[in-house]
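A.B. asks: Please see the structure below; I have some questions.
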Amino acid sequence: GREAHRLDAVAPRAVYRLDEAVDFVSDRLPEESQARLTPEEVERLLAFHMQWLHSRGLQPDRVVDRRQDIDDLVVINEDDLTAYLLGEADRTGVDLIDDVDAVNVVEAHLRYFEAIGAVGPEAPLDDVID
C-alpha cells in the first residue's frame, strides 16, 4: 500500500528521445515540408521548441521520481511558439523557405508529446482567450 501511494504522487515517466522525435516529426510532416526541411533542420527546430518549453518551466531538471507539484496552470499558445521558432531559425541561420514549415513542425512535435504521454489535456477555450 505504501509503495502504491508513493507511486501515485510521482509524475509518470515520459521519456523524450531527440532522435526518436526527429523521426516521428519528419514522418508526419506534409510532403511539401518534408521536401523543404532536412532532418538536421527538423532537429534544430525541435531543440528550439524544447528550449522554449524549458524557459516556461515545462522541462524541469531532475524529473525522475519527482512529486507532481505543478500548481500553476500553463497554457501553450502555438502561435507564440511558432513565432519563437521562426525568430530562432532566422537568428541561427536555419533557412526556412516557407513559414508554414515551422507551423507543421510544431503540430507534429505536439503529437509526439501526446504519443509519449508528456502533455496534459487541452485547455478550454475560455482559458485561452485573454
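A.B. asks: What FRET efficiency comes out for T92 versus E20 if R0 is 22 angstrom and r is the Cβ-Cβ distance? Round to the nearest 0.05.
C.D. replies: 0.45
A.B. asks: Could you run the Karplus curve 6.51 cos²θ - 1.76 cosθ + 1.60 with θ = phi - 60° over the range 112-117 and give me ³J(HN,Hα) per residue in whole Hz, x for Gly and Pro?
C.D. replies: In residue order, the calculated couplings are 5, 4, 4, 5, 8, x Hz.
A.B. asks: Let me ask another. Based on the Cβ-Cβ distance from E40 to R2, what FRET efficiency comes out when R0 is 41 Å, to the nearest 0.05?
C.D. replies: 0.30
A.B. asks: Give me the net charge for the shell around Y84: Cβ to Cβ below 14 angstrom, other residues only, Lys and Arg +1, Asp and Glu -1.
C.D. replies: -3
None of the figures in this text is laboratory data; all of them are computed from the coordinates on show. For clarity, every value in this text was computed on a predicted model and none was experimentally measured. For neighbour counting, all protein chains shown are included, and Cβ atoms are generated from backbone atoms with ideal geometry for every residue, glycine included.
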